[in-house]
Amino acid sequence: MTFTDAAGDSKTFGRAWGDLVGGFHKRELWWHLGWQDIKQKYRRSVLGPFWITIATGTTAVAMGALYSKLFHLELSEHLPYVTLGLIIWNLINASILEGAEVFIANEGLIKQLPTPLSVHVYRLVWRQLLLFAHNIVIYLVIAIIYPKPWSWADLTVIPALALIMLNCVWVSFCFGILSTRYRDIGPLLGSLVQLLFFMTPIIWNADTLQQQGAGRWSKIIELNPLLHYLDILRAPLLGAHQEPRHWVVVIVLTVLGWCAAAIALRQYRARVPYWV
């Protein structure tokens, strides 16, 4: 078999699917590596990973209190809103930016350890889920201070989180492969994500726009896909009414994203070890 035949044989959706399944079956490996990433980062620290919670909590309380005063909003409503916005944003933000570096950061393992590429992506997403679990403690404390009415509909937070994690996986694959081939993608994404932070309703909401006389922008803001990801997870946790359109947008983007990831894996999975 020639090199051309071997390269052509590797470009199949079967091989791409095999990479995804094979990597998932090695979950003990990426579970361990993901947890070790967090422990290593806070090695010799007294509080360890709980520094993540403290840092996020301090930022959320400071921004929630500040903007509730600036925009004359009820602290009991705006603080949980901002807190959840920041927690969910940190999850999405890390999946985009760290996802772009996922294969570059694991260059040594990719070249020396014969494992599916998906192991490195699962490791990243698992690590972000652990950080999310640390940070959600902040919201639980705030929810005790400012209790909200709950209903069975609020259990949609479970499929919402599952959907977001599914999106984190395909985002990491797509941007990871693209950034490995073109190293300018990482800095470009950093600038774009920073801009999206201010364009996404995290520290402001629709009431803020109405107060500032910018209510006409509310329809334009819905073109920001991150708004929909935030809403499907934040609304049930706040006990707020959920708009079906947000779920429709997220589900459609999930399907399209996984189609793009499948094509990227089919075409370029075998080239990643050479590009890194």
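Which of the residues belonging to segment 224-264 are of a type in the set (Ser, Thr, Tyr) and closer than 21 Å to residue 133 by Cβ?
The one that is of a type in the set (Ser, Thr, Tyr) and closer than 21 Å to residue 133 by Cβ: 229.
Identify all residues within segment 52-74 that are of a type in the set (Val, Ile, Thr) and surrounded by 15 or more Cβ atoms within 10 Å (Cβ to Cβ); write none if there are none.
Once the filter is applied, which keeps residues that are of a type in the set (Val, Ile, Thr) and surrounded by 15 or more Cβ atoms within 10 Å (Cβ to Cβ), segment 52-74 yields 52, 53, 56, 59, 61.
Go through segment 216-270 residue by residue and tally those that are on the phi > 0 side of the Ramachandran plot and among the hydroxyl-bearing types (Ser, Thr, Tyr).
0
I'd like the residue in segment 218-237 that is surrounded by 14 or more Cβ atoms within 10 Å (Cβ to Cβ) and β-branched (Val, Ile, Thr) and, out of all such residues, is nearest to residue 170 (Cα to Cα).
Checking each candidate, the answer is 232.
If you take the residues in segment 10-54 that are of a type in the set (S, T, N, Q) and either modelled with pLDDT of 85 or more or part of a helix (DSSP H, G or I) (or both), which one is nearest to residue 173 (Cα to Cα)?
Filtering segment 10-54 for residues that are of a type in the set (S, T, N, Q) and either modelled with pLDDT of 85 or more or part of a helix (DSSP H, G or I) (or both), the one nearest to residue 173 (Cα to Cα) comes out as 10.
Does residue 60 fit the bill of being touching a residue at least 24 places away in the same chain (Cβ under 8 Å), part of a helix (DSSP H, G or I) and over 17 Å from residue 139 (Cα atoms)?
So residue 60 fails the test.
Results for (1) surrounded by fewer than 21 Cβ atoms within 10 Å (Cβ to Cβ); (2) under 17 Å from residue 240 (Cβ atoms), shown as yes or no for each residue.
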site: 117; (1), (2): no, no
site: 130; (1), (2): yes, no
site: 141; (1), (2): yes, no
site: 147; (1), (2): yes, yes
site: 155; (1), (2): yes, yes
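Residues in segment 155-192 that are in a helix (DSSP H, G or I) and closer than 20 Å to residue 268 by Cα: how many?
17
Looking at segment 129-154, which of its residues are closer than 21 Å to residue 74 by Cβ and assigned to a helix (DSSP H, G or I)?
138, 139, 140, 141, 142, 143, 144, 145, 154, listed by residue number.
What are the residues in segment 238-270 that are surrounded by fewer than 14 Cβ atoms within 10 Å (Cβ to Cβ) and farther than 19 Å from residue 164 by Cβ, if any?
Listed by number, the residues that qualify are 241, 263, 267.
Determine whether residue 69 is at pLDDT below 90 and outside any helix (DSSP H, G or I).
Answer is no for this residue.
Tally up the residues in segment 76-128 that are closer than 27 Å to residue 15 by Cβ and either in a helix (DSSP H, G or I) or touching a residue at least 12 places away in the same chain (Cβ under 8 Å) (or both), please.
31
Here is a yes/no grid of residues against (1) farther than 30 Å from residue 24 by Cβ; (2) out of contact with any Ser or Thr (no Cβ under 9 Å at 6 or more places or on another chain); (3) at pLDDT 90 or above; (4) of a type in the set (Ser, Thr, Tyr):
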site: 151; (1), (2), (3), (4): yes, yes, no, yes
site: 155; (1), (2), (3), (4): no, yes, no, no
site: 159; (1), (2), (3), (4): no, yes, yes, no
site: 162; (1), (2), (3), (4): no, yes, yes, no
site: 168; (1), (2), (3), (4): no, no, yes, no
site: 172; (1), (2), (3), (4): no, no, yes, yes
site: 176; (1), (2), (3), (4): no, yes, yes, no
site: 179; (1), (2), (3), (4): no, yes, yes, yes
site: 182; (1), (2), (3), (4): no, yes, yes, yes
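The values are calculated or read from the model by the stated rules, or taken from the named source; none is laboratory data. Given the structure is predicted, the values throughout are model-derived calculations rather than measurements. Glycine also receives a Cβ, built like all others from the backbone with ideal geometry; neighbour counts cover every protein chain displayed.
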